[in-house]
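Novice: Okay, handing you the structure first.
The values are calculated or read from the model by the stated rules, or taken from the named source; none is laboratory data. The model shown is predicted, which means the values in this text are computed figures rather than measured ones. For neighbour counting, all protein chains shown are included, and Cβ atoms are generated from backbone atoms with ideal geometry for every residue, glycine included. What goes into the accessible areas is simple: the full protein's heavy atoms, side chains included, and nothing from ligands, DNA or RNA. Shrake-Rupley method; radii C 1.70, N 1.55, O 1.52, S 1.80 Å.
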Amino acid sequence: SIERLEQHRKMTETSTDYNLREKLKTVQEVTGFNVEDVVAEDEGVSYMCKQLGSSSTASYVLTVFDDMPNEYQYTPYGETTSMGSLPEYFKEPMSFERASASMFFWRMCDHLHHGPQEAGAAAELKEDRRDSQPQPDFASAKQEKEKATGGSTTETTALALH
């Protein structure tokens, strides 16, 4: 009886792990987004991310700090910081509300798949189709931060909603 319960527990764990792996694999295939590592630190949790596009790949870290649980801190690394297909605001650290994470993801997708000119046009087309809810404006946030800091680009850019 104990052996049977132990065998059932192992099968359940294996089934759960298998289902989770298959779900993640499908999400990765459909979106091109992958969380490569999760690092728990004293001040928060960091997610090492890779996002694939049709012509380029972005590597970045999303961090949720314990003292700011409703925000993501975005930090690009590697070739992402010099990638020509990305606008400047994706080449530097910034923060944004977790509620805006899907907009961040789709804006990044637009730039990784279409390049800067086409992504802007695609974003404008999408804006026309959206309801009246405020949408994040990454470029405006970057410009506002530069004005406030006298042009400094090393500080974090806060995401502005309009």
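Novice: Per residue, how much accessible area does the stretch 1-99 show when a 1.4 Å probe rolls over the protein heavy atoms, in square angstrom?
Specialist: With the other protein chains kept in place, the stretch 1-99 gives 67 Å² per residue.
Novice: Return, ordered by residue number, the residues of the stretch 46-71 whose backbone nitrogen is under 14 Å from a label point located 7 Å along Cα→Cβ of Q28.
Specialist: Counting only backbone N, you get 48-52.
Novice: Just give me a number: lysine pairs in the stretch 1-94, eight or more positions apart or cross-chain, with C-alpha atoms less than 24 Å apart.
Specialist: 5
Novice: Place the peptides 46-57, 31-42 in order of packing, highest mean first, counting for every residue the other Cβ atoms within 10 Å and averaging per peptide.
Specialist: Peptide ranking by packing, descending: 46-57, 31-42.
Novice: Something else about it: So for each of 95-106, 15-26 I average, over its residues, the number of other beta carbons within 10 Å; can you give me the resulting order with the highest mean first?
Specialist: Going by the mean number of other Cβ atoms within 10 Å, highest first, we get 95-106, 15-26.
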